[in-house]
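All remarks here apply to the structure that follows.
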Amino acid sequence: MSKTGDRVRASAAWRSVFRAPHTDTPRGRAMATFQNFFLHVYPVKVPRRALSFRSTLRLGFASAVLFGVLLVSGLYLMFFYVPSITDAYFDMHEIATAVAFGQFVRNAHRWAAHLMVLVVFLHMLRVFYAGAYKSPRQFNWVVGVLLLLGTLGLSFTGYLLPWDQLAFWAVTVGTNIASYAPFLGESARRALLGAPEVGGKALLRFYVFHVYALPAVLVTLLGVHIWRVRKDGLASGDAQGERAEPPQEVSASAG
Amino acid sequence: MPAEAEPRYRLLGVVPREGEVAAEREPEDTVFTWPHLLVRHAVVAAGVIVVVFALAIAFDAPLKEMANPNLTPPVAKAPWYFAGLQELLSHFHPMIAGVFLPTAAVLGLLLLPYLDLNPATEARARRVAVVTFTLLVVVAVLLTVVGAFFRGPGWSWAWPWQHLYLEL
Ligand code: HEM
């Protein structure tokens, strides 16, 4: 590493941020993970098999990266979009024509969303064929299924927002299914749309779900999911995981 | 104290202490997360971002005419990931295709780890689970592909190489 790099890393300012001085020793490498808020979701050491691409195909990780891309690009779009039937469609035009990088950010948001549905599905297949939903990971599979439903919900609520013919009719078709819900019937669809038909109420409702409620749920579930991945012993291949309880005494008493 | 109250012990087996068991187990081969795993993750993250950016540069997201409740377009498709569901709805009563089957699919997925109690992870030792799951996935994928690529106006059959009625 260059001298300047060393000098920066030795400075008081750098060390105030990163807590541990970075040294290329086993201890320094451990500290780099351990003393960093963002990296401490990782264990300090991982089994060598976790390095192999084949163990997970990195599909779960890729899903998380896509979710990150969506959070950032979505934030930018929110500055220019108003969820009302008089503004929404024209805001989309503004984003495409008048906003700096607007079209690019919108494109990235849309393709990342489609990719995320695909990649999350492939991640689920990988987990199934690896048998990685078995003990002790049963509950993390359940969290995963909820993540899949959340991903679909986010994608579907976002689909309405451009308020063009594509959005309107896709959501009309999609929500028609809700009117067959047992017992609830038409009122299930009404609850979803806030009105008998897709209109301003539905647009606002979908917007609130899309930018607030569902992301909040997904971020929370993702926290649990990744925490469990670590606690359950990283990528499967060994069924151990970090122990939840101390090993039990084996006792044999009989009458 | 009556003799019956005394607990009596019988030797059922001898279990080595944890220390001895652990010593016999192969010590797990571990490496430092930084740099080994983090560098790999950084590469995958960069790759994913490059793919998204390339798509964003190459293809514009669609924006049709403004929503108009009075003008039904010739093809009204759900987003592609629900095209399988829409295909299913064109064959069965909505109560079955729209409510019963999706509910069963979600419940089946949620309960899978509690239904499949076979601890094996190699495919050969879990034929039933692998075959069942694979069949269901193939059916779901086929329905989605047909709905997304092979359906046109009024949900009629359309060859995608003649006219592709698919919007992303
Ligand atoms: C938003 C969607 C999701 C994200 C971001 C996500 C993320 C992750 C990550 C980062 C891992 C670590 C290992 C790897 O990269 O494969 C993982 C593992 C796992 N995921 Fe997901 N996941 C998602 C959805 C799902 C779904 C839909 C399922 C199953 C229905 C699932 C079940 C699991 C299980 C059981 C593991 C542990 C596998 C192992 O240890 O080998 N996840 N997930």
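Quick notes
- For the range A:48-238, the equivalent ellipsoid derived from the Cα gyration tensor has semi-axes of 34, 22, 12 Å, listed largest first.
- Residue mean of other protein chain beta carbons inside 10 Å, A:157-170: 6
- Taking 21 Å as the straight-line reach from the Cα of A:LYS134, the lysines in range (excluding those fewer than 8 positions away in the same chain) are A:LYS231.
- Pairs of alpha carbons in chain B separated by more than 23 Å make up 71% of all such pairs.
- Hull volume in cubic angstrom per residue (convex hull over the Cα atoms of the range B:80-155): 97
- Our coupling estimate for the range A:19-35, obtained by passing each phi through the Karplus curve with A = 6.51, B = -1.76, C = 1.60 and θ = phi - 60°, is 6, 9, x, 7, 10, 8, 10, x, 5, x, 5, 5, 5, 4, 7, 5, 9 Hz, Gly and Pro reported as x.
- Phi-based couplings in Hz for the range B:70-86 (Karplus 6.51, -1.76, 1.60; Gly and Pro marked x): 8, 10, 6, x, x, 10, 10, 10, 6, x, 3, 6, 10, 5, x, 5, 5
- Helix-only arithmetic for chain A: the sum of -39500 (n - 2.57) across DSSP H runs with n ≥ 4, divided by the residue total, places the mean residue ellipticity at 222 nm at -19500 deg cm²/dmol.
- Per residue of B:99-111, other chain Cβ atoms within 10 Å of the residue Cβ number 3 on average.
- With the highest mean first, a sort of the peptides B:138-145, A:102-109 on other beta-carbon atoms found within 10 angstrom per residue produces A:102-109, B:138-145.
- Result for chain A in a Gaussian network model with C-alpha springs under 10 Å: among A:ARG126, A:ARG19, A:ARG230, the largest mean-square fluctuation is at A:ARG19.
- nm² value of the averaged projected area, convex hull over the Cα atoms of the range A:1-129: 12.5
- Convex hull volume of the protein assembly as shown per residue (C-alpha atoms, cubic angstrom): 248
- Chains B and A, summed buried accessible surface - 1.4 Å probe, Å², nearest 100: 7400
- Under 26 Å from the Cα of B:LYS77 - lysines, other chains or at least 8 residues apart: A:LYS201, B:LYS64
- Shown here for the range B:118-168: trypsin sites (Lys or Arg not before Pro) in loop regions (DSSP other than H, G, I, E, B) with at most 10 other Cβ atoms within 10 Å, of which there are none.
- Accessible area per residue for the range A:120-245 is 44 Å², calculated with a 1.4 Å probe on protein heavy atoms, without ligands, DNA or RNA.
The values are calculated or read from the model by the stated rules, or taken from the named source; none is laboratory data. Just so it is clear, the structure is predicted and the values come from calculations on it, not from any experiment. All Cβ positions, glycine included, derive from the backbone under ideal geometry; neighbour counts span all protein chains shown. Just so you know, the surface numbers come from the protein's heavy atoms only, side chains and all, with ligands and any DNA or RNA stripped out. Shrake-Rupley method; radii C 1.70, N 1.55, O 1.52, S 1.80 Å.
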